[in-house]
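*Asks:* Mind looking over this structure? Questions follow.
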Amino acid sequence: RAGSSSIYSWGNNIDNGCRHANLYDRSSVKQLDFGWSFADCDDGFSELAPVGSLQPNAFGLHDTVGNVFEWTTDCWHADFDGAPANGSPWMEAQHGDCAFRTPRGGSWVSGPNWTRAAAQSKDPLNYRSFLLGFRVVADPVRR
């Protein structure tokens, strides 16, 4: 949520998300109408968007919601009780099921429920999908 207490990093209304996330919206429905709920806005992309095309969140990160689900290091946990508050991975030592990982953030075909910050899926370690990606993160070198 990028420090926010709202449902989405941009606020509580999914219809304001198109400036921040490539999600299932009017442009997607024009090409692929699945009949499920969508954001009533238009991000300009009916499928994948080039990285950095939309506004970053409050932490300055682009594409943390929408485009593709992010594969996380976190092991599966049924709820968020006991989740680390410092951003460290949530592993088996904290009673997670590491046979499954927790992709997050939704994709370009994700409606309102899958793009919420609290939404998580439960996928086996060998899961593959064109809707799944990952983010490489490194600590900056301090001199």
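The values are calculated or read from the model by the stated rules, or taken from the named source; none is laboratory data. These numbers come from a predicted model, not from an experiment. We place every Cβ from the backbone using ideal geometry, glycine too, and count neighbours over all the protein chains shown. Protein only, heavy atoms only, side chains kept; ligands, DNA and RNA dropped before computing areas. Shrake-Rupley method; radii C 1.70, N 1.55, O 1.52, S 1.80 Å.
*Asks:* Take the residues of the stretch 78-108 that are of a type outside the set (D, E, K, R) and surrounded by 19 or more Cβ atoms within 10 Å (Cβ to Cβ): which is nearest to ASP43 (Cα to Cα)?
*Replies:* That would be TRP108.
*Asks:* State all residues of the stretch 116-132 that are within 14 Å of the chain's Cα centre (by Cα), open to solvent by less than 90 Å² (accessible area, probe 1.4 Å) and at pLDDT 90 or above; if no residue qualifies, say none.
*Replies:* Correct list: LEU131, LEU132.
*Asks:* Okay, moving on. Restrict the check to the stretch 58-66 and report whether at least one residue is in contact (Cβ under 8 Å) with a residue 24 or more places away in the chain, touching a strand residue (DSSP E or B) at 6+ places or on another chain (Cβ under 7 Å) and over 21 Å from TYR8 (Cβ atoms).
*Replies:* no
*Asks:* Hey, among SER37, SER107, which residue is in contact with a Ser or Thr (Cβ under 9 Å, 6 or more places away or on another chain), outside any strand (DSSP E or B) and in contact (Cβ under 8 Å) with a residue 12 or more places away in the chain?
*Replies:* Of the residues listed, the single one that is in contact with a Ser or Thr (Cβ under 9 Å, 6 or more places away or on another chain), outside any strand (DSSP E or B) and in contact (Cβ under 8 Å) with a residue 12 or more places away in the chain is SER107.
*Asks:* Restricting to the stretch 8-52, give me the number of residues that are of a type in the set (Val, Ile, Thr), under 16 Å from the mean Cα position of the chain (by Cα) and open to solvent by less than 40 Å² (accessible area, probe 1.4 Å).
*Replies:* 1
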